[in-house]
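Inspection log for the structure reproduced underneath, given as structure tokens.
Here, each number is a calculation from the coordinates, and none is a lab measurement. What you see is a predicted model, and the numbers here were worked out from it, not measured in a lab. With ideal geometry, Cβ positions are generated from the backbone for all residues, glycine too; neighbour counts draw on all protein chains shown.
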């Protein structure tokens, strides 16, 4: 683009165009400093199955599904794509109470658990990995099966969790289903070191069987912040939480990544769970700046 003056056309190339490009070099970075958006959409129209669609966006080793880790071709799929009348299609994540564990770990009695998750990891694109003084903007859709059972023990559907050399056992925050003080609920749980804070989001009965649009914005720092919202597509649930001066970065962290799916305890409550439970996920979008 170049604007010419009818009086001094020769000055255009000397003054106007260089000024324009200087302006672009100063202004455009403000609009392009955010990393490339990573998206994942379940689709039945693709030649790829659920696992390969996930790997294409998040990386080869982004899936912690029981059937893949057992390396048993006869095992039923734990992540598959299904049709959905509201959003056309979705990933279904299943856990089998009596068959599935947590990767190849053998947990001691009283700490048994099972996991079917997808995640960012060391080999993922940089957008999936958050570092100190950076901000993640993460969005996704979640639907919890109407018959899904929860207990007093943990059951996470989303985690922000660090990879590093220490202080990484506890997540930064989780979206969880739990029975707390006798009340089944969807809650946000946030960790400050070994201690956690719990925030009610919705009654369990109210949030099952409907699509929930979830968004988390987390600024990573020793005095960081987060904003978390969950809104049902039918308009019956609208909840937002904001927290400033929150320790979202700890000594020993290398990076923080998101995790989605089902990660739950079996300890003392296994007989209270269904033989099979599932959640549905789609419309993943991750940005970083």
Once R0 is set to 25 Å, what does the formula 1/(1 + (r/R0)^6) return for the Cβ-Cβ distance between residue 45 and residue 234, expressed as a FRET efficiency to the nearest 0.05?
0.45
Relative counts (whole %) of C-alpha pair distances in segment 158-221, using bins that are 10 Å wide
19, 48, 26, 7
Out of 111, 222, 119, a Gaussian network model of the chain with alpha-carbon springs under 10 Å gives the largest mean-square fluctuation to 111
If each residue of separation counts as 0.36 nm, what is the full-extension length gain between residue 270 and residue 215 once their alpha-carbon separation is subtracted?
16.7 nm
Rounded to the nearest 500 deg cm²/dmol, what is the calculated helix-only ellipticity per residue at 222 nm for the chain, with -39500 (n - 2.57) per DSSP H run of length n ≥ 4?
-3000 deg cm²/dmol
Sticking to Cα atoms, compute the Rg of segment 210-289 to one decimal and its Dmax as the biggest Cα-Cα distance, whole number, in Å.
16.3, 45
Simple label model, 7 Å out from Cα along Cβ direction - residue 241 to residue 132, nm
2.6
Residue list for segment 264-289, given a label point 7 angstrom along the Cα-to-Cβ vector of residue 88 and an amide N cut-off under 14 Å:
282-284
Using alpha carbons only, how many degrees (0 to 90, rounded to 10) separate the axis of helix 17-32 from the longest principal axis of the chain?
10
Which whole-percent values make up P(r) of the chain when all C-alpha to C-alpha distances are grouped in 5 Å steps starting at zero?
1, 5, 11, 15, 17, 16, 12, 7, 4, 3, 3, 2, 2, 1, 1, 1, 0, 0
Taking the simple approach of a point 7 Å from Cα along Cα-to-Cβ for both residue 106 and residue 77, what is their distance in nm?
3.2
Rounded to one decimal in nm, the spacing of the 7 Å Cα→Cβ label points at residue 183 and residue 55 is 4.5
Normalized C-alpha radius of gyration of segment 92-166, against 2.2 N^0.38 Å?
1.35
Put in order of increasing Cβ neighbours within 10 Å, starting from the fewest, 215, 147, 174 give 147, 215, 174
